[in-house]
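Participant: Got a structure here, written out as C-alpha cells. Questions coming.
The values are calculated or read from the model by the stated rules, or taken from the named source; none is laboratory data. Quick caveat: nothing in here was measured; it's all calculated off a predicted structure. Here Cβ is always computed from backbone atoms with ideal geometry, including for glycine, and neighbour counts include all displayed protein chains. For accessibility, only protein heavy atoms count, side chains too; no ligands or nucleic acids. Shrake-Rupley method; radii C 1.70, N 1.55, O 1.52, S 1.80 Å.
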Amino acid sequence: MWNLTFTPPEIIDATVLTRLPDRFREARKTAWGDANKPGQLLDSFLEGPSFDRDGNLWVTDIPNGRIFRIDTALNWTLAAQYDGWPNGSAFHRDGSLWIADYRRGILRLEPGADAPEPVLPHRNSESFRGINDLTFDGQGRLLFTDQGQTGMQDPTGHVYRLDTDGRLEALIRNAPSPNGLALNADGSALYLAVTRGNAVWRAPLPATGGTAKVGQFQTFFGTSGPDGLAVDVQSGVAVGHASLRGAFVLNAHGEITHYVRSPVGATLTNLAYRPGTRELIMVESQTGTLLTATLPHEGLPLFSHA
C-alpha cells in the first residue's frame with residue numbers, strides 16, 4: 001500500500017546534472033570494493049553530497065579516499081585525497097567539512113586544507129564498526145551512524161550523538177545496517193535509513209536524552225534498501241533507495257507521495273537539497289553520476305546554513 005488514498009505515487013523523472021570526469025576514473029581493485037562490491041573493478045563510488053555556503057557541491061569517493069568540490073559551473077576539483085574511506089559528509093557552520101570515514105571515524109576538513117584531521121577516531125579506545133553518515137542538529141551536536149557490516153544477521157548497528165562538549169551518547173544500538181539520517185524541523189525526531197532492514201525508522205528524541213518509542217516509519221523491498229535521507233519544510237522525507245532505481249518522497253504520515261526515477265543506474269544512494277530551493281541532488285553511485293530533480297517543497301535549512 002503506497003498511501004491511504006490507494007493511488008500510486010506521482011513519478012518525477014530526474015535528469016543528469018554532472019558525472020565524475022573521465023580524468024578521475026581508473027577502474028581498479030580496492031579493499032573496500034572487495035568487501036562491498038565483490039568481483040567488481042570500481043573507478044569510484046560516490047557518496048556524501050553537501051553544499052558549502054558559496055554554493056559549491058562536495059562529494060566523497062569511498063574506495064579511493066577522495067573528496068571532490070564541484071563549483072556552480074559544474075567544474076570538478078580534487079579537494080583532498082588521503083588514506084581513508086570517506087562516506088557521508090556535512091558542513092559545520094564554521095565552514096569545515098565533517099566526514100564519516102568508514103575506517104578512521106569522524107574527521108574534519110578545514111577550509112583550504114588538503115587532508116582531513118581526526119575528531120573522533122574511536123570510542124573508549126575501541127574502533128567503530130564502520131562509520132557511514134552524519135548530520136548536525138540545530139545546536140551543533142553531531143549525530144552519526146556506525147554501520148559496519150551489520151544486517152539482519154547481526155542487528156547491532158549504532159546511532160551516536162556527539163555533544164559540543166565532547167560527550168558521546170549511544171541513541172540506538174540494534175539497527176540492522178544504519179545508514180543515512182536526518183532530523184525534523186525542531187529536532188524532536190530522527191529519521192534513520194536502515195538499509196538491510198529495508199526500512200526508514202522514526203526515533204523521537206526526548207529533551208531528557210536518549211530515544212523513546214522508536215518505530216518503522218515506512219518499509220520497502222529490494223536487494224538493498226534505503227540509504228540517504230533529506231527532509232523538506234513540510235516534514236516530507238526524501239529517501240534514496242540503493243536498489244530500486246530512484247528516490248521516494250514520504251509525507252509526514254509516512255505515505256509515499258512521489259517517486260523520483262533515475263535515468264541511469266540503479267544504485268541511488270545519498271541525496272541533498274540545494275539550500276533554499278526545491279532542487280534535490282542525488283548520487284547514483286553505480287555510474288558516478290549526480291542527478292537533479294525539482295520536488296514539491298523546499299529543503300529544510302541545515303545547521304551549516306541556518
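Per-residue answers, yes or no, for (1) closer than 21 Å to residue 21 by Cβ; (2) of a type in the set (S, T, N, Q):
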| site | (1), (2) |
| --- | --- |
| 246 | no, no |
| 254 | no, no |
| 257 | no, yes |
| 270 | yes, yes |
| 283 | yes, no |
| 289 | yes, yes |
| 292 | yes, yes |
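Participant: Separate question: Out of the residues in the range 56-67 meeting the condition of being surrounded by fewer than 22 Cβ atoms within 10 Å (Cβ to Cβ) and in contact (Cβ under 8 Å) with a residue 40 or more places away in the chain, tell me which one is nearest to residue 279 (Cα to Cα).
Facilitator: 57
Participant: Taking the conditions exactly as written (buried (at least 16 other Cβ atoms within 10 Å of the Cβ) and not charged (D, E, K, R)), does residue 230 satisfy them or not?
Facilitator: Spelling it out, residue 230 is indeed buried (at least 16 other Cβ atoms within 10 Å of the Cβ) and not charged (D, E, K, R).
Participant: Go through the range 217-252 and report how many residues are in contact with a Gly (Cβ under 9 Å, 6 or more places away or on another chain) and part of a loop (DSSP other than H, G, I, E, B).
Facilitator: 8
Participant: So which of 223, 208, 267 is surrounded by 18 or more Cβ atoms within 10 Å (Cβ to Cβ) and free of Cβ contacts under 8 Å to residues at least 60 places away in the same chain? Even if it seems obvious, please write down each step before you answer.
Facilitator: On the way: 223 fails: surrounded by 18 or more Cβ atoms within 10 Å (Cβ to Cβ); 208 fails: surrounded by 18 or more Cβ atoms within 10 Å (Cβ to Cβ).
Exactly one residue qualifies, and that residue is 267.
Participant: Are any residues in the range 80-103 outside any strand (DSSP E or B) and open to solvent by 80 Å² or more (accessible area, probe 1.4 Å), and if so, which ones?
Facilitator: If the condition is that a residue be outside any strand (DSSP E or B) and open to solvent by 80 Å² or more (accessible area, probe 1.4 Å), then 83, 93, 94, 103 are the ones that fit.
Participant: Sticking with this structure for a sec: Among the candidates 167, 141, single out the residue that is over 19 Å from the mean Cα position of the chain (by Cα) and of a type outside the set (Phe, Trp, Tyr).
Facilitator: 167
Participant: Name the single residue that is surrounded by the fewest Cβ atoms within 10 Å (Cβ to Cβ) among those in the range 136-149 being touching a Gly at 6+ places or on another chain (Cβ under 8 Å) and in a strand (DSSP E or B).
Facilitator: 146
Participant: So, one more: Which one is farthest from residue 256 (Cα to Cα) among residues in the range 14-44 that are open to solvent by 70 Å² or more (accessible area, probe 1.4 Å) and in contact with a Pro (Cβ under 7 Å, 6 or more places away or on another chain)?
Facilitator: Checked the range 14-44; the qualifying residue farthest from residue 256 (Cα to Cα) is 16.
Participant: Within the range 74-92, is there a residue that is within 20 Å of residue 149 (Cα to Cα) and free of Cβ contacts under 8 Å to residues at least 40 places away in the same chain?
Facilitator: Yes; the residues of the range 74-92 include at least one that is within 20 Å of residue 149 (Cα to Cα) and free of Cβ contacts under 8 Å to residues at least 40 places away in the same chain.
Participant: With the requirement that a residue be in a strand (DSSP E or B), open to solvent by 40 Å² or more (accessible area, probe 1.4 Å) and of a type outside the set (A, V, I, L, M, F, W, C), what does the range 104-124 give you?
Facilitator: Scanning the range 104-124 gives 108, 117, 118, 122, 123.
Participant: Just wondering, is there one or more residues in the range 253-261 that are open to solvent by less than 10 Å² (accessible area, probe 1.4 Å), touching a Gly at 6+ places or on another chain (Cβ under 7 Å) and either touching a residue at least 12 places away in the same chain (Cβ under 8 Å) or in a strand (DSSP E or B) (or both)?
Facilitator: Scanning the range 253-261 turns up at least one residue that is open to solvent by less than 10 Å² (accessible area, probe 1.4 Å), touching a Gly at 6+ places or on another chain (Cβ under 7 Å) and either touching a residue at least 12 places away in the same chain (Cβ under 8 Å) or in a strand (DSSP E or B) (or both).
Participant: While we're on this one: Tell me, please, whether a residue that is open to solvent by 10 Å² or more (accessible area, probe 1.4 Å), under 22 Å from residue 91 (Cβ atoms) and either part of a strand (DSSP E or B) or of a type outside the set (Val, Ile, Thr) (or both) can be found in the range 187-203.
Facilitator: Checked against the condition, which is being open to solvent by 10 Å² or more (accessible area, probe 1.4 Å), under 22 Å from residue 91 (Cβ atoms) and either part of a strand (DSSP E or B) or of a type outside the set (Val, Ile, Thr) (or both), the range 187-203 yields at least one hit.
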